[in-house]
């Protein structure tokens, strides 16, 4: 991260300070208001999951926070550096894996830097591979390595596991949890998967019509037993307009 200072207890020196502060944020596309006076804060070192139906403004908010969209009204402040991992890994097919990891990064030994980052995501042996030879899970791990090698203060995750199979997705959840604990960035995860949010987040925020309509704080230690969080799961699904007793696939509705 931008600052390596720690307290005697080993926590980041700026822990508790705000990494993200959003006030009265408005974003319109023509006559359609996607963000409608949105308020949001995320503390340094905090893991926040953002859920909402498609079109509720989640990905638009991430684009604003990472500086891809500045045509907005209201206040949006990020304290420190930002990295993003998208749903699609967005690797360059004509560059090897390690060169994708350090793309645009200015360091003395880029190959060694890339290999250290790849080792963290258990892909050091694929450093010289071409992206087209990677599985979906491997490609997403490369995307995470590319985001984390920059030591961001804020890590934005825009549905990075949505296209993965169930077993690979669970493995990625564990990996992200370990990497977050090691690097301690603030994380804002956009997801449609309620169980993913329950497993990873300190707070779950639910968006609807461009506003935060509900907040749930999780205090259960990690790793979490989702069966013990069933009442909270029901509450989050209700915020999303889903009846937990329905027989259908609620993850799609969420």
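When the residues of segment 185-205 are filtered to those that are part of a loop (DSSP other than H, G, I, E, B) and under 19 Å from residue 22 (Cα atoms), which remaining residue is farthest from the chain's Cα centre (by Cα)?
202
Which condition does residue 238 not pass, out of (1) touching a helix residue (DSSP H, G or I) at 6+ places or on another chain (Cβ under 7 Å); (2) part of a helix (DSSP H, G or I); (3) over 24 Å from residue 65 (Cα atoms); (4) free of Cβ contacts under 8 Å to residues at least 60 places away in the same chain, if it passes all the others?
Just one mismatch for residue 238, condition (1).
Every residue in segment 116-131 that is over 27 Å from residue 63 (Cα atoms) and part of a helix (DSSP H, G or I), please.
Residues satisfying the conditions are 116, 119, 124, 125, 126.
Determine whether segment 134-144 contains at least one residue that is surrounded by fewer than 21 Cβ atoms within 10 Å (Cβ to Cβ), part of a loop (DSSP other than H, G, I, E, B), in contact with a strand residue (DSSP E or B) (Cβ under 8 Å, 6 or more places away or on another chain) and in contact (Cβ under 8 Å) with a residue 12 or more places away in the chain.
No.
Could you please give the count of residues in segment 102-127 that are closer than 18 Å to residue 139 by Cβ and touching a residue at least 40 places away in the same chain (Cβ under 8 Å)?
The qualifying residues number 5.
Could you grab the pairs with beta carbons closer than 6 Å, sequence gap of 6+ or different chains, first residue in segment 61-86 and closer than 14 Å to residue 159 by Cβ, second one in a loop (DSSP other than H, G, I, E, B)?
Partner pairs satisfying both residue conditions: 63/69; 84/66; 85/160.
For residues that are in contact (Cβ under 8 Å) with a residue 60 or more places away in the chain and assigned to a helix (DSSP H, G or I), scanning just segment 167-184, find the one that is nearest to residue 202 (Cα to Cα).
180
Across segment 44-55, what is the number of residues that are surrounded by fewer than 22 Cβ atoms within 10 Å (Cβ to Cβ) and at pLDDT below 95?
3
Residues that are modelled with pLDDT under 95 and in a helix (DSSP H, G or I): does segment 152-164 have at least one?
Looking for residues that are modelled with pLDDT under 95 and in a helix (DSSP H, G or I), one finds none in segment 152-164, hence no.
Here is a check on your reading of the model: is residue 199 modelled with pLDDT under 90 and touching a helix residue (DSSP H, G or I) at 6+ places or on another chain (Cβ under 6 Å)?
Answer is no for this residue.
The values are calculated or read from the model by the stated rules, or taken from the named source; none is laboratory data. No experiment lies behind these values; they were computed from the predicted model shown. As a convention, Cβ positions derive from the backbone with ideal geometry for all residues, glycine included, and neighbour counts pool all protein chains shown.
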